[in-house]
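Quick notes on the structure that follows.
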Amino acid sequence: MKHSLPLTFLFAFLLTVATVMLAAQTQQPSQTQPANDVPVTDGQAGPCSIEFTVTGTDAKPVYAARIDFRLAYGFMGTHKLEMGVYTNAQGKARFIGLPARVKRSPVEFRATKDELVGVATMDPATECQASHDIVMDKAKTQPQPTPNQ
């Protein structure tokens with residue numbers, strides 16, 4: 001009877017291991033999908049927002065394009081707001097918390113990625129909740145004037 005106590009512990013241990021292994025086999029592996037959430041940047045300066053869908057000239061979404069803007073608002077334009085956000089895999093990005101009144105309207109939003117550029121504008125006074133598309137194309141270089149000789 002000296003050996004009955006260690007055998008009981010061994011039996012309990014093996015039973016626990018078998019139960020855990022059986023439970024692990026019956027669980028289905030979790031399938032993770034890429035995050036499709038729309039990236040949002042909050043300016044915390046007002047009630048307006050704008051959502052963008054950025055595409056190339058081929059109408060395909062542009063991933064990781066950076067959309068930037070800057071504006072002045074408040075009494076005599078003393079408050080400044082400069083923000084940027086990157087697009088997700090569907091080419092979407094969103095700005096919230098924008099002021100309804102700005103010093104110079106419309107606000108210009110500029111999207112860039114590598115050599116691609118696109119622009120959209122918004123007047124918060126007339127379209128406080130907006131949705132715009134930006135079509136990106138290769139930046140057009142201005143011809144350099146030749147010096148007169």
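The values are calculated or read from the model by the stated rules, or taken from the named source; none is laboratory data. Just so it is clear, the structure is predicted and the values come from calculations on it, not from any experiment. Positions of Cβ are backbone-derived with ideal geometry, glycine not excepted, and every protein chain shown enters the neighbour counts. To get the accessible areas, we keep the full protein, side chains included, count just its heavy atoms, and leave off ligands, DNA and RNA. Shrake-Rupley method; radii C 1.70, N 1.55, O 1.52, S 1.80 Å.
What the table shows:
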read-out	value
Accessible surface, per residue, of the stretch 88-137 when the full set of protein chains is kept, probe 1.4 Å, Å²	54
Restraint check, Lys103/Lys140; Lys60/Lys103; Lys60/Lys138; Lys113/Lys140, Cα-Cα greater than 26 Å	Lys103/Lys140; Lys60/Lys103
Mean Cβ count within 10 Å, highest first, over the residues of peptides 84-95, 112-123, 68-79	84-95, 112-123, 68-79
Kirkwood Rh in Å, taken over the stretch 42-133 so that all alpha-carbon pairs contribute	13.3
Dipole moment magnitude, nearest 20 debye, the stretch 51-119 about Cα centre, only Lys, Arg, Asp, Glu C-beta charged	300
DSSP bridge orientation in the stretch 56-147 - percent antiparallel, rounded to nearest 5	95
Length added when fully stretched, Val38-Asp133, from 0.36 nm per residue minus Cα-Cα	32.8 nm
